[in-house]
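Notes to accompany the following structure.
A short reminder: the numbers here are calculations on the coordinates, not readings from a lab. Quick caveat, the model's predicted, so the values are computed rather than measured. For neighbour counting, all protein chains shown are included, and Cβ atoms are generated from backbone atoms with ideal geometry for every residue, glycine included.
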Amino acid sequence: MNYRFDGKQKTIAFGRWPEILLSAARERLADARRLLAEGIDPAEQAKLDRIAESVAKKNSFEDIAEEWLEKRQLEGIAPMTLKRARWLLEITYPAIGRRPITEISAHELLLVLQKVEKSKRYDTASRIRSTCSQVVRRQNIWH
């Protein structure tokens with residue numbers, strides 16, 4: 001698509017034919033035209049969307065949890081408390097550690113907690129829920 005933005009001639013591509021169907025390309029064209037009508041450069045917006053997506057992928061639950069643990073350590077929390085928090089979080093890492101934190105649902109965490117509860121470790125499940133809640137709250141404030 002060729003267009004003018006801020007007096008400059010620009011071109012944006014929506015993808016190659018076999019990979020992008022004609023109907024999908026038409027939808028992307030319509031989206032680009034809507035953005036232009038709102039005064040937004042579609043190429044710049046696509047670039048910002050790609051950056052936001054890559055940042056979201058880097059913000060996995062495990063990454064945010066490790067940041068949270070580092071922050072707690074700098075706050076002067078007792079080493080044993082940090083060790084216990086790390087242990088609790090490591091129980092969740094196989095199930096949700098690599099997932100972007102913004103995509104983790106309460107149901108996914110519930111499955112992890114139910115797995116722990118099946119082994120009759122109810123207090124551990126409660127502590128995991130509390131620790132994960134603190135990690136998610138940190139993510140919502142800072143990211």
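In this simple spin-label approximation, residue 80 and residue 58 carry label points 7 Å from Cα along the Cα→Cβ vector, and these lie 3.8 nm apart.
Over the chain, consider all pairs of different Cα atoms and compute the Kirkwood hydrodynamic radius from their mean reciprocal separation; express it in Å, one decimal. Kindly include the intermediate steps, with their values, before the conclusion.
Working: mean 1/r = 0.0541 Å⁻¹.
Roughly 18.5 Å, rounded to one decimal.
What is the stretch 2-58 by shape, rounded, prolate or oblate, if you read a ≥ b ≥ c off the alpha carbon gyration tensor as root eigenvalues and call it rounded for a/c under 1.5, prolate for a/b larger than b/c, and oblate otherwise? Walk me through the numbers on the way to the answer.
Details: a/c = 1.92, a/b = 1.09, b/c = 1.76.
Oblate, since a/c reaches 1.5 and b/c is not below a/b.
Taking every DSSP helix (H) stretch of at least 4 residues in the chain, weighting each as -39,500 (n - 2.57) and dividing the sum by the residue count yields a mean residue ellipticity at 222 nm of -22000 deg cm²/dmol.
Taking 17, 68, 87 as the candidate residues, the one with maximal mean-square fluctuation in a Gaussian network model of the chain, Cα springs under 10 Å, is 17.
Other residues with beta-carbon under 11 Å from the beta-carbon of residue 81 carry, at +1 per Lys or Arg and -1 per Asp or Glu, a net charge of +3. Taking Cβ atoms as reference points and 13 Å as the exclusive limit, the residues near residue 2 contribute a net charge of +4, counting Lys and Arg as +1 and Asp and Glu as -1.
With R₀ set to 30 Å, the beta-carbon distance separating residue 51 from residue 90 gives a calculated FRET efficiency near 0.45.
By definition, a body whose alpha carbon gyration tensor gives a ≥ b ≥ c is oblate when a/c is 1.5 or more and a/b is not larger than b/c, and the stretch 61-142 fits this oblate description. Between the beta carbons of residue 124 and residue 71, assuming R0 = 30 Å, the FRET efficiency works out to 0.85 to the nearest 0.05.
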